[in-house]
Amino acid sequence: MKSTIAVVHPYWGFWESSVPGDLRANRHKILTDALEFLSKEFNLSVSGLIATAEEGKALTRECKNVDALVVISSMAVPPATGMSFLENLPGIPVVLWALSPGDSLDEHFNHSDISTSGATVGAPMLGSALSRLNRPFDLVVSSLQTPAGITTAVRRACAAGRVRQARMVRIGEKMPGYTSVDVANEVLK
């Protein structure tokens, strides 16, 4: 049985004037490519490009029975945009995916390129906001050409998400010394 995930990509229109072409369409393409890759292994519950806190909150309401949350970062975005989605889904494991368009930088890399290849700017911004709230997350830095770590990270997050919903039972008496799993009988009911 496939695990179920929600995938969002925070977006900031502020950078549109600093890059050639349609930045929003480009970020949507990155999201679509990532979803295509992730859907081979996971069920997708909710996905979307979020540019405002309202859009983040709206997507939150659509999340049902999600094992993990994947936040794609490919550009600098104020952390409040991504947090508008995450803060309404407490306790669900988070994977922050700093997704670059390619594996290397062009020798003519310029100011415009930092806007289109800003995964390593946006991910620390959101990661800092999560850390300040003591919200654990896994961080993966990769491209779609070499996405090695993302599948493993999302699998781990999904396993943690499923365990948090699980019920534990004890058959028989407590084992001496196992204080890490010692629970009062009243709690087990």
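The values are calculated or read from the model by the stated rules, or taken from the named source; none is laboratory data. Small disclaimer: the values here were computed from a predicted structure and weren't measured. Note that each Cβ is placed from the backbone with ideal geometry, even for glycine, and that neighbours are counted across all protein chains shown.
Laid out as a table, the results:
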item: Residues that are surrounded by fewer than 13 Cβ atoms within 10 Å (Cβ to Cβ), in contact (Cβ under 8 Å) with a residue 24 or more places away in the chain and outside any helix (DSSP H, G or I), drawn from the range 9-68; result: 20, 65
item: Of residues in the range 117-129 being modelled with pLDDT of 95 or more and farther than 26 Å from residue 36 by Cβ, the one surrounded by the most Cβ atoms within 10 Å (Cβ to Cβ); result: 129
item: Count - residues of the range 122-150 that are of a type in the set (Val, Ile, Thr) and in contact with a Lys or Arg (Cβ under 9 Å, 6 or more places away or on another chain); result: 0
item: Check on residue 149, within 20 Å of residue 91 (Cα to Cα) and under 19 Å from the mean Cα position of the chain (by Cα); result: no
item: Counted residues, the range 47-105 - those being within 25 Å of residue 155 (Cβ to Cβ) and acidic (Asp, Glu); result: 4
item: Any pair with Cβ under 9 angstrom, 6 or more apart, that starts in the range 84-95 at a residue that is on the phi > 0 side of the Ramachandran plot and ends at one that is crowded, with 21+ Cβ neighbours inside 10 Å; result: 91/161
item: Residue check for residue 104: of a type in the set (Gly, Ala, Ser), farther than 22 Å from residue 47 by Cβ and modelled with pLDDT of 95 or more; result: no
